[in-house]
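A quick write-up on the structure given underneath.
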Amino acid sequence: MQFTAKELAERLDGLLEGNPDVVVRKLAKIEEADEESVSFIANPKYAVYLNTTKAGILIVSKDFEASGTYHSVLVRVEDAYTSFTKLLNMFSGSDSKVSGVEPMAFVSQKAKLGKDVFIGNFSYIADDVEIGDNVQIYPNCFIGKGSKIGDNTRVFPNCTLYHDTIVGAHCHIHSGTVIGSDGFGFAPQKDGTFQKINQNGNVIIGDHVDIGANSTIDRATMGSTVIHKGVKIDNLVHIAHNVEIGENTVIAGQTGISGSTKIDKQCVIGGQVGFVGHLYIAPGSQFGAQSGINKSIKTPNKKWNGSPAVEYMDSLRLINHNRNLPEVEKRLRLLEDQLKSLLALKND
Amino acid sequence: MQFTAKELAERLDGLLEGNPDVVVRKLAKIEEADEESVSFIANPKYAVYLNTTKAGILIVSKDFEASGTYHSVLVRVEDAYTSFTKLLNMFSGSDSKVSGVEPMAFVSQKAKLGKDVFIGNFSYIADDVEIGDNVQIYPNCFIGKGSKIGDNTRVFPNCTLYHDTIVGAHCHIHSGTVIGSDGFGFAPQKDGTFQKINQNGNVIIGDHVDIGANSTIDRATMGSTVIHKGVKIDNLVHIAHNVEIGENTVIAGQTGISGSTKIDKQCVIGGQVGFVGHLYIAPGSQFGAQSGINKSIKTPNKKWNGSPAVEYMDSLRLINHNRNLPEVEKRLRLLEDQLKSLLALKND
Amino acid sequence: MQFTAKELAERLDGLLEGNPDVVVRKLAKIEEADEESVSFIANPKYAVYLNTTKAGILIVSKDFEASGTYHSVLVRVEDAYTSFTKLLNMFSGSDSKVSGVEPMAFVSQKAKLGKDVFIGNFSYIADDVEIGDNVQIYPNCFIGKGSKIGDNTRVFPNCTLYHDTIVGAHCHIHSGTVIGSDGFGFAPQKDGTFQKINQNGNVIIGDHVDIGANSTIDRATMGSTVIHKGVKIDNLVHIAHNVEIGENTVIAGQTGISGSTKIDKQCVIGGQVGFVGHLYIAPGSQFGAQSGINKSIKTPNKKWNGSPAVEYMDSLRLINHNRNLPEVEKRLRLLEDQLKSLLALKND
């Protein structure tokens, strides 16, 4: 993979300043770049590297001010960060597309595979599974009976989809993720034991959903646990039975969502956040890391923080008040002393 | 699978009101039910659906007041929720029992298998493993040397049991769960490095234990990490070396229990709770979500909350006091101003 | 495996008191030991067991005072705990070394294997992988294209290493751990959707690194996520893209570290701790369990606690002040009442 400065400028719809024939073979951070690298300045604080970087080509914003002497050919673009994400795709590495069913995969005779499918060795495709075109199932995955996977979706190694799981098109499911495990439902008995409540529902995942590594999404007791299209879920996230996550909601690592909670669309949830069960969360809500949410939120587009969560600005105030408690103690003592003197005086 | 209203009433020991010949083929939520569905009203807030649901049959409590016109045949039972959990079992889906050793499974010649065992493809049963009757080991599991699994236990895909793990009868171990990994033990050295301390013990799990997906239970340094019978553990829970969990204790998702802590029986632990090491927790203790427990608890049957945890009612008071801190600040200022005036007056 | 008292004393460089020919076959806790056990007293609170234990041999510190009658042969050592960790190695169980490529493993023709390597059944070694001498890859692992694993490293069952992952020598990677999954990077679009940003970097792990079960370490967007030598990581830990962890830092279970944060060497991080992204943490920093860190730390060797974290001693003060809030409320009311009386008096 290599590009000339001229080719890059054309692909990024940018303006070239310098030698159009310079060739780059890789993408690098500005402080690590060499002559064969293309790099970029999206954040002004990296502008200081302009005069020292060895990068063959630098992608910068159209209004970037290049002062002093520098070595790199510049390509000026509308938005350097967007161009950088395009470059990431152009230079994507050895993670290339493969197809075919490897000889040590197990595919049930009753499963249906689309065109150009890849099934890696030691993956298990059970009865009545339907797999769309261009789907890639890496080694050591289990796809349970009756599950369906939409076109162009990729399931990375060591994933488990329990029976009757529905996954949309263009999804990425990273390694170790488990979809469709039983919800955590037990009926307390009089003798102190708990009886398992069968979990008869399933999990439905829309198109363009990304799920990180080692996350878990439980099947519904009845009906479906639903992840709507465009949702992005990070690593080690726990989504309990009968939860529903609205379109384009983003959930960072190690967050947990308890049973039957419904989170509406376009929410942004930080890491290690916890939601209790049976809540409704309005669209566009945002939550700081480690928040704990124990009440439904009906007003959309607000920011929340803390455990139990309050509105974000209030949480900052509470944190400050809290840190000020030793000072409050001193002021209280002073008041008490002063008042005691006054009262003593009065009683004299 | 289908049932007439008469059959359902008999099975649930209920009283039939309406056409005994109505046939249902599935179980559904009341708001999603159609003519071929049986549904139920356990929570009074769902009673509003009585007059609009299309459900062929409705399970209700014996004293439910059915007013207005409605379409469904009613079956009156002692407790609608208990009947619902029975229906979940009656209508359980395609997750049916399988048996036999699939051809691409690996079973050591030195392993002993019980009757009617299922071992899925790509599962690895090491030397000296003993597997009881009716055990189901789904694909892609690893059962380490010398491990024992009791009758009727199910191990779902992609689980790992390290060597010498003992699992009781009637357990469910969900996908991705790891049992018997090394405890986190390292001896600090003078040069700043840490030397691994061998973890020679094992994990022992009693009968009727359920463990969710992607949880981890570490083997003991010496002796055993013990999960007693009837314990229910959710997803992504971390149980460290030499921990002991008492009978019928319930642990929700993403909770972590540090080394050598002993939690007694019948405790209820919320999600994302953390226990430091070497604690003792009395039977019947309950913990709110996100609690942090750093002291042993000797009095049984109390509720705890917060981080560090205090008694539940105290934690609610502290939360309220905390939220009231801006008000405290105002009152303090007013007092200071008033006192200042008084003192100024006095000094006049 | 068995040792005489004489042999043990020699191996531990200890002083023997009693019959040198006593034979032990196992290591046990003092309260569970029998005649064939060696046990130890490292913590004074276990000294009470001296007169009742059945242990054949007891390891004690050189200055241990043995009063009353007792049954065991004593071996006096410099440090009983260090000797105990040596004993753990001497008595390590059935987790013995194996070698060879099992017949149902898949090893690409383009992969290079060192000497005395073990590759378990159902493990997948992709193209261009390089595996050092004495490496053990247990069953059901996936080692992606171009990855390298150093000498003597052990990868336990059901692990996933994505393409281009570099792992050093003498590492332990426990089951279910995922290394090299895509970082959580998405570019927000004007229509509310998020576009995936390709993650072209990789993960580099130094020598003598231990990683627990079901942890996840994401590949870098560009460049590398780096875990330096001697780092110890517990179970269910989340390490995001472009994070760097310095030498000998220890990270307890369920902690999460957000993107691009750099933690320097010799830090000690408790369980369930969260770091936001793009921080720098100075060497030797220590963090209490459940801390939340949202600011860089530039002064080394300090202890931190709480969420948001403050210095450890301050956090203890704040916790006390917080618990004292009901008392503050009472004192405020008393002051208000007293002042009200005073003011009333004055106005009379």
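In this structure chain B gives 41 Å² per residue of accessible area when probed at 1.4 Å with all protein chains present. Note on B:Lys346: lysines with a C-alpha under 18 Å away, same-chain residues under 8 apart excluded, are A:Lys340, A:Lys346, C:Lys340, C:Lys346. Each chain gives up part of its surface: C and A jointly bury about 5000 Å² of accessible area, both sides summed, for a 1.4 Å probe. Taking every DSSP bridge with both residues inside the stretch A:100-311, close to 10 percent are antiparallel. Per-residue surface analysis assigns B:Asp13 an accessible area of about 140 Å², computed on protein heavy atoms at 1.4 Å probe radius.
With the convex hull of its Cα atoms as the shape, chain A has an orientation-averaged projected area of 30.4 nm². Of the residues C:Ile143, C:Ile197, C:Ile57, the one that moves most in a GNM of chain C with alpha-carbon contacts below 10 Å is C:Ile57.
A Gaussian network model of chain C, with springs between Cα atoms under 10 Å, assigns the largest mean-square fluctuation among C:Val276, C:Val101, C:Val23 to C:Val23. Using a 1.4 angstrom probe on heavy atoms only, work out the carbon and sulfur share of the accessible area of the stretch C:3-92 in %. Of the solvent-accessible surface of the stretch C:3-92, carbon and sulfur hold 48 percent. Neighbours of C:Lys86, meaning other residues whose beta-carbon lies under 11 angstrom from its beta-carbon, give a summed charge of -1 when Lys and Arg score +1 and Asp and Glu score -1. Helical runs (DSSP H, four residues minimum) scored at -39500 (n - 2.57) apiece and divided by the length of chain C put the mean residue ellipticity at 222 nm at -5000 deg cm²/dmol.
Among the DSSP beta bridges whose two residues both lie in the protein assembly as shown, what percent are antiparallel, rounded to the nearest 5? Here the share of antiparallel DSSP bridges comes out near 15 percent.
Using a 7 Å projection from Cα along Cα-to-Cβ, the label point at B:Leu15 is separated from the same position in the remaining copies by 8.6, 8.6 nm, smallest value first. With 32 Å as the limit, the listed pairs A:Lys26/C:Lys148; C:Lys45/C:Lys232; B:Lys295/C:Lys265 all fall inside it between alpha carbons. Taking the protein heavy atoms of the stretch C:100-311 in the context of the full set of protein chains, the accessible area attributed to carbon and sulfur is 49 percent at 1.4 Å. A point 7 Å from Cα along Cα→Cβ stands in for B:Pro44, and the other copies hold the same point at 6.2, 6.2 nm, listed in rising order.
Under a Cβ-Cβ cut-off of 13 Å, what is the net charge of the residues other than C:Asp264 that fall near it, where Lys and Arg count +1 and Asp and Glu count -1? Summing Lys and Arg as +1 and Asp and Glu as -1 gives +2.
The label point for A:Asp13 and the one for B:Gln2, both projected 7 Å from the Cα toward the Cβ, are 5.9 nm apart. Given a Förster distance of 51 Å, report the FRET efficiency between C:Glu311 and A:Asp133 from their Cβ-Cβ distance, rounded to the nearest 0.05. So, using R0 = 51 Å, E works out to roughly 0.30.
Relative to the other identical copies, A:Glu329 shows label-point distances of 1.9, 1.9 nm, where the label point lies 7 Å from Cα along the Cβ direction and values run shortest first. Rounded to the nearest Å, what's the spacing between the alpha carbon centres of the stretch B:61-127 and the stretch B:149-197? Just the number, please. First find each Cα centre; the distance between them is then 26 Å. Summing charges over all other residues whose Cβ lies under 15 Å from the Cβ of B:Glu10, with Lys and Arg as +1 and Asp and Glu as -1, gives -1.
Note on the protein assembly as shown: percent of Cα-Cα distances in each 10 Å bin, starting at 0 and stopping at the bin with the largest distance, equals 2, 10, 17, 22, 20, 13, 9, 5, 2, 0, 0.
Once you reduce the stretch C:247-273 and the stretch A:37-59 to the center of their Cα atoms, the two points are 30 Å from each other.
If you take the Cα centroid of the stretch B:213-244 and the Cα centroid of the stretch A:308-348, the two points sit 46 Å apart. Just B:Pro103, B:Pro300, B:Pro326 to compare: in a GNM of chain B, with alpha carbon springs under 10 Å, which one fluctuates most? Largest GNM mean-square fluctuation: B:Pro326.
The values are calculated or read from the model by the stated rules, or taken from the named source; none is laboratory data. It should be emphasised that the depicted structure is a prediction, and the values quoted were computed from it without experimental measurement. Ideal geometry is used to build each Cβ from the backbone, glycine not excepted, and the neighbour counts take in all protein chains shown. Just so you know, the surface numbers come from the protein's heavy atoms only, side chains and all, with ligands and any DNA or RNA stripped out. Shrake-Rupley method; radii C 1.70, N 1.55, O 1.52, S 1.80 Å.
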